[in-house]
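Below: one structure, written as structure tokens.
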């Protein structure tokens with residue numbers, strides 16, 4: 001099986017060099033691969049450096065700054081691998097990160113969607129990402145804690161979203177999806193992609209046996225369009241986000257329960273139902289859950305509509 005690593009670039013050449021060196025040292029012997037860099041109109045020495053690269057490394061140059069989605073789409077279009085692995089240029093790899101990722105993808109078979117991994121802060125070593133959940137307000141949020149038991153009994157978190165900083169997807173599925181939606185500008189395109197995967201009945205997952213390090217949010221302008229991207233994501237996937245946020249709503253309600261029924265007529269019953277729902281009993285969430293989730297989403301949508309008048 002041939003693997004195509006796709007790396008979008010925008011400045012930060014020292015980090016790119018470090019990433020490439022650690023990536024090549026980490027790859028298992030005998031792996032058939034290529035590394036495709038797509039430069040998004042860098043203004044530092046990145047382009048001069050790219051011209052020094054030799055096979056299996058190659059590069060594509062954008063004529064102007066296109067953003068994360070369009071840049072990675074260009075790389076994927078030129079990829080020759082059966083499997084695509086998208087990487088940020090500010091990652092650090094060690095041996096053993098790739099094999100569990102490939103294994104998880106193989107075991108899911110024709111149901112496999114996007115497979116992500118664990119990412120630790122390059123400076124502190126703390127977990128920055130062990131998947132993405134939708135919080136009680138309908139917003140994607142990094143999972144930042146993992147128990148020993150989680151790693152032992154759940155080496156792969158099934159039906160879990162992940163960040164676009166490092167993920168694996170088959171070329172076949174990528175072509176079916178049509179790649180990233182380029183209307184998103186440096187944010188939310190990864191979540192949108194995985195929600196489309198989920199809508200096809202495929203399984204997104206996070207492989208806990210694969211760990212890398214990440215210099216977080218180093219690309220210039222990384223967060224400048226977050227609000228617009230969140231607005232678009234919520235407009236497109238409002239009902240799905242509401243559904244996925246029920247777990248966190250129930251968890252929050254269970255943990256912050258107060259004896260006096262100030263908000264709901266029977267807090268005690270709602271708390272029990274919330275617990276059963278979290279534990280995956282075949283039961284619907286408390287009747288108060290979905291209306292409150294939609295209320296939170298509508299609040300954000302109203303705020304965004306004021307910010308971004310048509």
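Compute the long axis of helix 189-199 from its Cα atoms, compare it with the longest principal axis of the Cα atoms of the chain, and write down the angle in degrees, 0 to 90, nearest 10.
60
Who wins for biggest fluctuation among 243, 172, 255 in a Gaussian network model of the chain, springs between alpha carbons below 10 Å?
Comparing 243, 172, 255 in the GNM, the peak value goes to 255.
Kindly state, to the nearest 0.05, the FRET efficiency for residue 123 paired with residue 25, given R0 = 25 Å and r defined as their beta-carbon distance.
0.75
Angle between the Cα long axis of helix 13-26 and the longest principal axis of the chain, 0 to 90 degrees, nearest 10?
90
Quick one: helix 267-278 against the long Cα principal axis of the chain, what's the angle to the nearest 10°, folded into 0 to 90?
Once rounded, one gets 30 degrees.
Restricting to Cα atoms and excluding each atom paired with itself, what does the Kirkwood estimate give for the range 45-143 in Å?
16.7
What fraction of the DSSP beta bridges in the chain is antiparallel, stated in percent and rounded to the nearest 5?
Bridges in the chain that DSSP calls antiparallel: roughly 40 percent.
Where the centre of each part is set by its Cα atoms, how far does the range 161-176 sit from the range 1-47, in angstrom?
17
Cut-off 10 angstrom, C-alpha nodes, Gaussian network model of the chain. Which of 114, 83, 206 fluctuates the most?
Judging by the Gaussian network model, the answer is 83.
What order do you get for 179-185, 199-205, 278-284, 122-128 when each peptide is scored by the mean count of other beta carbon atoms within 10 Å, highest first?
With the highest mean Cβ count within 10 Å placed first, the list reads 179-185, 199-205, 122-128, 278-284.
For residue 301 and residue 182, what does the FRET efficiency come to when R0 = 25 Å and r is the distance between their Cβ atoms, rounded to the nearest 0.05?
Efficiency for this residue pair is about 0.65.
GNM on the chain, C-alpha springs below 10 Å: top fluctuator among 54, 95, 171?
54
When the expected Rg is taken as 2.2 N^0.38 Å, what fraction or multiple of it is the alpha-carbon Rg of the chain?
Relative to the rule-of-thumb radius for its length, the chain sits at 1.06.
Just subtract the alpha-carbon distance of residue 200 and residue 44 from 0.36 nm times their residue separation and send over the number in nm, one decimal.
Full-extension gain reported as 52.1 nm.
Computed from the coordinates by the stated procedures, all read-outs in this text should not be read as laboratory data. Please read these numbers as outputs of a predicted model, since none were measured by experiment. All Cβ positions, glycine included, derive from the backbone under ideal geometry; neighbour counts span all protein chains shown.
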